[in-house]
Amino acid sequence: MTDALEQRLAALEDRLRAVEDEQAITRLILSYAPLVDSGCADQVAGLWEPDGVYDVDEILMEGQQQIRAMVKSGNHQRWIAGGCAHFAGAPHITLDGDDATAVCYTLMIVNGPDGFALRRATANHWTLRRTDQGWRAVNRTNRILDGREESPDLLASHFPAAERFRKESV
Amino acid sequence: MTDALEQRLAALEDRLRAVEDEQAITRLILSYAPLVDSGCADQVAGLWEPDGVYDVDEILMEGQQQIRAMVKSGNHQRWIAGGCAHFAGAPHITLDGDDATAVCYTLMIVNGPDGFALRRATANHWTLRRTDQGWRAVNRTNRILDGREESPDLLASHFPAAERFRKESV
Amino acid sequence: MTDALEQRLAALEDRLRAVEDEQAITRLILSYAPLVDSGCADQVAGLWEPDGVYDVDEILMEGQQQIRAMVKSGNHQRWIAGGCAHFAGAPHITLDGDDATAVCYTLMIVNGPDGFALRRATANHWTLRRTDQGWRAVNRTNRILDGREESPDLLASHFPAAERFRKESV
């Protein structure tokens, strides 16, 4: 094989791998909602590394066992029984070799006596790692978009060069 | 061409085709909302195979003719006239050669005298097939996430190894 | 290199480039919400070409300077301070060499004294161009889905062969 051919093939393989990685991470992130809304506790936990962290405003889950326990909890089971959607937007992904970060939004929608209601809109930031079993979450941090400063900070943190405008910074 | 080179090229072609398939299916699923919310009846029906099935909670549509008729119906035309969004989440797709399944969520949002309201959140499960005209839907089943057991069952059914936790199963 | 090999490599390179283009445009469109909801005014404006247009129902912004000013405006800063999500659906993209169009939906969700509310659902149509710095928006037109005819027209316009059914056209 000539050097030119080898380089061309290697370039194709590298680029294709990046495209596949982005699809795989998207698939991982999009699988959370259908798994959690159907109470598939083991599969939800399996999206994370064994010691992965899921950091939500009110609760910090460290490791698969705590994530599994959240899905099995009475609170979560009641959401499922009443009707619930953890609707996720498509993620914006940034790859860096065997690491990646992603940002997306989630909407928690619950069914109640007056019909469906939008309980909250949340900023999501994911850190992921390529493992022998494919991509897994290392950390997922969720912050509700209710005006707390952490939430827009979390959104902006995904874009290295981004700078938040603030009135006092003028 | 050497065997090694042939294998490397064939592997690239296969992997690229899978990536393209996933994009094409995503595109098909994402085209439903803008076509149905603008009343493009023929194009909506054309997303399905001629004998494709669209199975919604209240109505079972068998074949393109019935799907087209739904879009042209007075009910649907009134949704469009008043303002309506069949907002779809990005699908999670599983390929299997010339067949595929996908799961996603949809939100039906309607405009009314008091502004926009979330009428329902729904679990969607698609079965698709590669045809001479590209990917087409064979079956789409929608179940509203209002607490009925069918809906989380439908979400979980997309993930072969997934198991729903239930209190009584402990 | 034989002609057959050259053709096979060139075909792979072309197809892969189209797949990458679709991912890059998706990434551009999905970056709008986290950037605008965190007030990253320069980065929001940078999604457009220097003379790009952002045409929303109530306001027409021509050029990056006007887009930047919108993000820095008191109105927009108040949305961020109170809690706000410009939730975007994944785009349906049509490539044409160095040009592209995309259609998607956005939901504007705002936090208020009674919790989160869906302020509006909007049809989005993007025109994009490949530049030396990657894909950039040339035009983005948003029309609220409140029953005005422009909005379903905008959705349908993305699909060249699509035809809107209308009662009077029967």
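The values are calculated or read from the model by the stated rules, or taken from the named source; none is laboratory data. The shown structure was predicted, so the numbers you read here are calculated from the model rather than taken from an experiment. In this analysis, Cβ positions are derived from the backbone assuming ideal geometry, glycine residues included, and neighbour counts consider all displayed protein chains. Keep in mind that these areas ignore ligands, DNA and RNA; they rest on the heavy atoms of the full protein, side chains included. Shrake-Rupley method; radii C 1.70, N 1.55, O 1.52, S 1.80 Å.
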- request: State all residues of segment C:6-21 that are open to solvent by 60 Å² or more (accessible area, probe 1.4 Å) and acidic (Asp, Glu); if no residue qualifies, say none.
  value: C:6, C:14
- prompt: Can you pull out the residues in segment B:65-109 that are crowded, with 18+ Cβ neighbours inside 10 Å and closer than 17 Å to residue B:20 by Cβ?
  reply: B:90, B:91, B:93, B:100, B:102
query: Which residues, taken from segment C:122-156, are of a type in the set (Gly, Ala, Ser), surrounded by fewer than 18 Cβ atoms within 10 Å (Cβ to Cβ) and within 13 Å of another protein chain (Cβ to nearest Cβ)?
result: C:147
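Conditions (1) aliphatic (A, V, I, L, M); (2) open to solvent by 10 Å² or more (accessible area, probe 1.4 Å); (3) over 19 Å from residue C:11 (Cβ atoms), marked per residue:
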{"residue": "B:4", "(1), (2), (3)": "yes, yes, yes"}
{"residue": "B:23", "(1), (2), (3)": "no, yes, no"}
{"residue": "B:28", "(1), (2), (3)": "yes, yes, yes"}
{"residue": "B:35", "(1), (2), (3)": "yes, no, yes"}
{"residue": "B:39", "(1), (2), (3)": "no, no, yes"}
{"residue": "B:45", "(1), (2), (3)": "yes, no, yes"}
{"residue": "B:48", "(1), (2), (3)": "no, no, yes"}
{"residue": "B:52", "(1), (2), (3)": "no, no, yes"}
{"residue": "B:57", "(1), (2), (3)": "no, yes, yes"}
Among the candidates B:10, B:81, residue that is hydrophobic (A, V, I, L, M, F, W, C) and farther than 30 Å from residue A:11 by Cα: B:81
field: Test for residue B:139: is it part of a strand (DSSP E or B), modelled with pLDDT of 95 or more and under 22 Å from residue A:89 (Cβ atoms)
entry: no
task: Quickly run through segment C:16-27 and pick out the residues that are touching a Leu at 6+ places or on another chain (Cβ under 8 Å) and either facing chain A (nearest Cβ under 9 Å) or in a strand (DSSP E or B) (or both).
output: C:16, C:19
- prompt: Which pairs do you get when a residue that is more than 8 Å from chain B (Cβ to nearest Cβ) and under 26 Å from residue A:27 (Cβ atoms), found in segment A:103-119, comes within reach of a residue that is open to solvent by 20 Å² or more (accessible area, probe 1.4 Å) and of a type in the set (Ser, Thr, Tyr), reach meaning Cβ atoms under 9 angstrom, with the pair 6+ apart or on two chains?
  reply: A:103/A:94; A:103/A:157
message: So, residue A:33, is that one closer than 27 Å to residue B:149 by Cβ, without any contact (Cβ under 8 Å) to a residue 60 or more places away in the chain and in contact with a strand residue (DSSP E or B) (Cβ under 9 Å, 6 or more places away or on another chain) or not?
response: no
- line: Taking segment A:28-59 and keeping only residues that are charged (D, E, K, R) and more than 12 Å from chain B (Cβ to nearest Cβ), one is left with A:49, A:51, A:55, A:57, A:58
message: Out of A:55, A:96, A:132, I need the residue that is modelled with pLDDT of 95 or more, under 16 Å from the mean Cα position of the chain (by Cα), over 28 Å from residue C:72 (Cα atoms) and not aliphatic (A, V, I, L, M). Which one?
response: A:55
field: Of the criteria (1) at the interface with chain C (Cβ under 8 Å from one of its Cβ atoms); (2) open to solvent by 30 Å² or more (accessible area, probe 1.4 Å); (3) part of a loop (DSSP other than H, G, I, E, B), which one residue A:162 fails
entry: (2)
